[in-house]
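Step one of this worksheet: look at the structure below.
The values are calculated or read from the model by the stated rules, or taken from the named source; none is laboratory data. Keep in mind the model is a prediction, meaning the values are calculated, not measured. Methodologically, a virtual Cβ is constructed for each residue, glycine included, from the backbone with ideal geometry; neighbour enumeration extends over all protein chains shown.
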Amino acid sequence: MITINRRSMVTLMVASAMALSLAPAKADQFVNILTGGTSGVYYPLGVGLSKIYAEKIEGVRTQVQSTKASVENLNLLQQGKGELALALGDSVKLAWEGDPEAGFKGPLDKLRGIAAVYPNYIQIVASKESGITDLAGLNGKSLSVGAAKSGTELNARAIFAAAGMTYDDLSKTEYLPFAESVELIKNRQLDATLQSAGLGVASIKDLSTSVDVQMVAVPEDVVKALGAPYIAATIPAGTYGGQDSDVQTVAVVNFLVTHSDVSDDLAYEMTKQLFENLPELEAAHKAATQIKLENALNGMPLPLHPGAERYYKEKGMM
């Protein structure tokens, strides 16, 4: 029979406790949400998602990163520097194809879809003082088209091409984020800004309460020339200060995108908690009121993540 004296027993117990303390604990999952400028719509929605995920997904730590939006977000996802991103549909399509002109050096083959969310409205706003009343009126004027090779700037390029115009028709082209563009208009250093965002974007609201503005329509023939993934849309009267009538424009759907290295379980939970907590997300920004489960797969320009696919199959959508 093997006997263990009291001192040996104590030593054994201490050694066992130390071994347990050194055993690796289950690591928290980290979700970095890539958004856009803080005065846009992506950022508050990212903050809303961050709070939902932190509360509803066990063992998850979240962070919200302000970026130059779509193009940068997609490149960061490919590099594994984020777990979830918001991006415009045309940018997502060009990223999957690897269009160098759009800012993608090659096909971003790790990208995977989570959901179609809400449409971005192309919103062109000019100071009344500029005299710009329509798209053609931008000729000889100064315009900010968003950060260079951002999703907004890709939209601007597409609209100009469909209208038979180029940046050379402008007196000056600025490549600035929303808030900086607005400040230049307030200071009479810029005539107009083109912003691709959800309705009620903070930057244009700020501008319309500071100076008299003119919303600039995108005419029907330009909408037709653009084609998919652009769709005809309307900015309802009263969306911004001094806007007394509806304004015709175009819209393109935004997508939530992840990458293939994100686990199936995490992608499933990110998809599930998005759709099961929409009221909380709507409190973050009213653009979320346009997020509908029935539209989640509409126009998805890249493969779904298997975790997201599992959720949609549970809902009978696949």
Of those in segment 277-318 that are in a helix (DSSP H, G or I) and of a type in the set (A, V, I, L, M), the residue surrounded by the most Cβ atoms within 10 Å (Cβ to Cβ) is 308
In segment 107-144, the residues that are in contact with a Lys or Arg (Cβ under 8 Å, 6 or more places away or on another chain) and closer than 20 Å to residue 251 by Cα = 126, 143
When segment 135-165 is examined, which residues are found to be on the phi < 0 side of the Ramachandran plot, assigned to a loop (DSSP other than H, G, I, E, B) and touching a helix residue (DSSP H, G or I) at 6+ places or on another chain (Cβ under 7 Å)?
-> 139, 141, 145, 147, 150, 163
Quick one: would you say residue 210 is without any contact (Cβ under 8 Å) to a residue 12 or more places away in the chain, surrounded by fewer than 15 Cβ atoms within 10 Å (Cβ to Cβ), at negative phi and of a type in the set (Ser, Thr, Tyr)?
-> no
Mind listing whichever residues of segment 97-128 are closer than 28 Å to residue 276 by Cβ and over 15 Å from the mean Cα position of the chain (by Cα)?
-> 110
Only one of (1) among the aromatic types (Phe, Trp, Tyr); (2) surrounded by fewer than 23 Cβ atoms within 10 Å (Cβ to Cβ); (3) in contact with a Gly (Cβ under 7 Å, 6 or more places away or on another chain) is not met by residue 167, so which one is it?
-> (3)
Would segment 145-163 turn up any residue that is crowded, with 19+ Cβ neighbours inside 10 Å, within 24 Å of the chain's Cα centre (by Cα), hydroxyl-bearing (Ser, Thr, Tyr) and outside the structural domain of residue 260 (by TED's automatic domain parsing)?
-> yes
Only one residue in 133, 166 is at pLDDT below 95 and farther than 23 Å from residue 37 by Cβ. Which one?
-> 133
With respect to residue 6, is the statement that it is surrounded by 11 or more Cβ atoms within 10 Å (Cβ to Cβ) and either outside the structural domain of residue 114 (by TED's automatic domain parsing) or modelled with pLDDT of 50 or more (or both) true?
-> no
Residue 247: passes all of (1) under 24 Å from residue 159 (Cβ atoms); (2) surrounded by fewer than 17 Cβ atoms within 10 Å (Cβ to Cβ); (3) among the β-branched types (Val, Ile, Thr) but (2)
Of 196, 208, which residue is out of contact with any Lys or Arg (no Cβ under 6 Å at 6 or more places or on another chain), among the polar types (S, T, N, Q) and at pLDDT 95 or above?
-> 208
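Tell me the residue from 225, 237, 217 that is in contact (Cβ under 8 Å) with a residue 12 or more places away in the chain and either within 23 Å of the chain's Cα centre (by Cα) or surrounded by fewer than 16 Cβ atoms within 10 Å (Cβ to Cβ) (or both), please.
Of the residues listed, the single one that is in contact (Cβ under 8 Å) with a residue 12 or more places away in the chain and either within 23 Å of the chain's Cα centre (by Cα) or surrounded by fewer than 16 Cβ atoms within 10 Å (Cβ to Cβ) (or both) is 225.
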Note on residue 94: of the conditions (1) within 14 Å of residue 42 (Cβ to Cβ); (2) buried (at least 23 other Cβ atoms within 10 Å of the Cβ), unmet is (1)
In segment 27-108, which strands (runs of 3 or more DSSP E) lie fully inside it and hold 1 or more residues that are assigned by TED's automatic domain parsing to the domain that holds residue 268, touching a strand residue (DSSP E or B) at 6+ places or on another chain (Cβ under 8 Å) and basic (Lys, Arg)?
-> 60-65
